[in-house]
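First the structure, in the form of structure tokens, and then the observations on it.
Derivation of every value follows stated rules applied to the coordinates shown; laboratory data play no part. Bear in mind that the values here come from a model prediction, so they are computed numbers and not experimental data. Cβ atoms come from the backbone with ideal geometry, glycine included; neighbour counts cover every protein chain shown.
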Amino acid sequence: MIEFRDVHKWFGDLHVLKGIRLRVAAGEVLVVCGPSGSGKSTLIRTINRLEPIQKGELIVDGMKVHDPRTPMTKLRAEIGFVFQQFNLYPHMTALENVTLAPIKVRRMPRREAEALGKEVLAKVGLADKLHQYPAQLSGGQQQRVAIARGLCMRPKIMLFDEPTSALDPEMINEVLEVMRALAREGMTMIVVTHEMGFAREVAHRVAFMDYGELIEIAPPEEFFARPQSERTRLFLSKILTH
Amino acid sequence: MWGIYLEQLLQSLPFFLKGLWMTVAVSGLSLLLGTAVGFLWGIVRASRRRILKALIGAWVDVIRGTPFLVQIFILFFILPEFGVHLEAFPAAVIALSNLAACFICEIVSSGIESVPHGQREAAVSSGLNGYQQLRHVILPQALRVILPPLVGQYVLLIKDSSVVSAIGVMDVTRAGWLTVQRIPQGILVFGLVGLLYFAICYPLIQISGALEKRLGRSSRR
């Protein structure tokens, strides 16, 4: 479903992705962790070309994302992206937020889109917040609307860029709960997060990134019990003691 | 003595109202054209089209850095030497529209840039095309920042329109010039002229203030 073949990216002189090789199968849940600045956010932002890559090949759902001639609008419609800062449209209600792309991109009739939007918002536990504006919702609720916004496009892939990092602790679980349910349904997901409990429980594989390199990637049992690299061990010892 | 002048002035009131109508026509038309062009330029200026951006930026700087009176003289007196003849009215509308577009361009582009980058990223990620991003996500948010200074700019432009009297457009300022030669009471005549401008501008000032207050409230939410 997603394949990185020796992918490199630079920000000016800064080499942020150094020869990434990675395959993610359909239905797989991959958790990516690593220290800040390790390139993990950049990694998932290349998948829908929010960040273009400079070298290597990146194939997503059969499309050559590395090729500047590949039109991205169509592919982006198949990939839901959830941001750390939610990025909900503040001038629209929850329902308007989730129905905008289905109506404009999928050309879905408004009534149908609204029915879908209500259904998906109910699924993330927000059936009673349809007509609230983002500013009237808590952080956890906003992030669930953001997830619903992605899901309303019936995407093939969902990408999560530190979805719980901006949340107060008591709201983290309601968001993770939605993501767990999604994983159980077989959604292809890449999740950048430090929530190791989530990784242990739902990830098929966990990857560790540092200095733009994919250091280690393994199923969670192995990843946590027997990390191969010293850097992974060091990182895990730091975040797991908290 | 004042009574006589006042009576004369009252008799020339229809003349002033005709001038006022011309002022409204010139500035109204120019604001409409200037707003359309200014939004277009502002959108380009906030985009990533480098060459077009630089061209518009240079033009805006030239126009903002030269007196409007000089611009309108060039258009009206110097262009004919190159074979381009313009009547006073179209020359006035073109010059004032251009001035309006330049100021509005700056207001619009900074309004667009005030929208957080994440908004565009969210719109891009959901598969909206460039036009849809602008129309449904960026502009509605930018507009809240754009509107108060835009209306404020309208007030300035309506007042700047008095300059077009210099090339013979019969606006309310020119009506004053002509009248003061018959009624040698400048304070009365130009007091009336000022009052007429104020009558148009004051409601706009009120609207701009109200918009600003509303923006302040909603951004605090």
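Where the centre of each part is set by its Cα atoms, how far does the range A:139-173 sit from the range B:76-102, in angstrom? That distance is 56 Å.
Considering only A:Asp161, A:Asp61, A:Asp128, the Gaussian network model of chain A with Cα springs below 10 Å gives its largest mean-square fluctuation to A:Asp128.
List the relative contact order of chain B as a percent without decimals, with contacts defined as Cα pairs under 8 Å and 6+ residues apart. Don't jump to the answer; show the numbers that get you there.
Numbers: 223 pairs, mean separation 66.0, N = 221.
Here the relative contact order equals 30 percent.
Please work out the FRET efficiency for the pair A:Ser165 and B:Val24, using the Cβ-Cβ distance as r and a Förster radius of 51 Å; give the result to the nearest 0.05.
Details: r = 56 Å, r/R0 = 1.10.
According to the calculation, E is roughly 0.35.
In the protein assembly as shown, the DSSP-assigned H stretches of four residues or longer account for a calculated mean residue ellipticity at 222 nm of -18000 deg cm²/dmol, using -39500 (n - 2.57) per stretch and the full residue count as denominator.
Pull up the DSSP beta bridges for the protein assembly as shown and report the antiparallel fraction as a percent, rounded to 5. Walk me through the numbers before you get to the answer.
Details: 20 of 37 bridges.
Of the beta bridges lying entirely in the protein assembly as shown, close to 55 percent run antiparallel.
Mind running the shape call on chain A? Use the C-alpha gyration tensor, a ≥ b ≥ c as the square roots of the eigenvalues: rounded below 1.5 for a/c, prolate if a/b tops b/c, oblate otherwise. It is oblate, given that a/c is not under 1.5 and a/b is not larger than b/c.
Residues of the range B:83-121 with an amide N closer than 20 Å to a point placed 7 Å from the Cα of B:Leu40 along the Cα-to-Cβ direction: B:90-112. Determine the shape class of the range B:7-219: with a ≥ b ≥ c the square roots of the Cα gyration tensor eigenvalues, call it rounded for a/c under 1.5, and otherwise prolate if a/b is greater than b/c, oblate otherwise. Taking the square roots of the gyration eigenvalues as a ≥ b ≥ c, the range B:7-219 is oblate. Karplus-derived 3J(HN,Hα) values for the range B:8-13, using 6.51 cos²θ - 1.76 cosθ + 1.60 with θ = phi - 60°, are 5, 5, 4, 5, 8, 4 Hz; glycine and proline are entered as x.
The value obtained for the range B:1-108, namely the Cα convex hull volume divided by the number of residues, is 139 Å³ per residue.
Here B:Val84, B:Val155, A:Val98 are placed in order of increasing Cβ neighbour count within 10 Å, fewest first, which gives B:Val84, B:Val155, A:Val98.
Quick check on the exposure proxy: order A:Lys129, B:Lys18 from fewest to most C-beta atoms within 10 angstrom. Present the calculation step by step, with values, prior to reporting the outcome.
Numbers: A:Lys129 20, B:Lys18 14.
Listing A:Lys129, B:Lys18 from fewest to most nearby Cβ atoms yields B:Lys18, A:Lys129.
With a sphere of radius 14 Å drawn around the Cβ of B:Ser30, what net charge do the other residues whose Cβ falls strictly inside it have (Lys, Arg +1; Asp, Glu -1)?
On the way: positive: B:Lys159; negative: B:Asp160, B:Asp171.
Charge balance in the 14 Å sphere: -1.
Cross-linked pairs A:Lys18/B:Lys53; A:Lys40/A:Lys238; A:Lys55/A:Lys104; A:Lys40/A:Lys64: Cα-Cα separations exceed 25 Å for A:Lys18/B:Lys53; A:Lys55/A:Lys104.
Going from the residue with the fewest nearby Cβ atoms within 10 Å to the one with the most, B:Tyr202, B:Tyr197 rank B:Tyr202, B:Tyr197. A Förster distance of 56 Å, applied to the separation of the beta-carbon atoms of B:Val84 and A:Lys18, puts the FRET efficiency at 0.40. Which distance in Å, rounded to a whole number, links the C-alpha centroids of the range A:203-217 and the range A:21-43? Cα centres, the range A:203-217 to the range A:21-43: 6 Å.
Annotation for the range A:150-217: GluC sites (Glu not before Pro) lying in DSSP loop with at most 12 further Cβ atoms inside 10 Å of their Cβ are A:Glu185.
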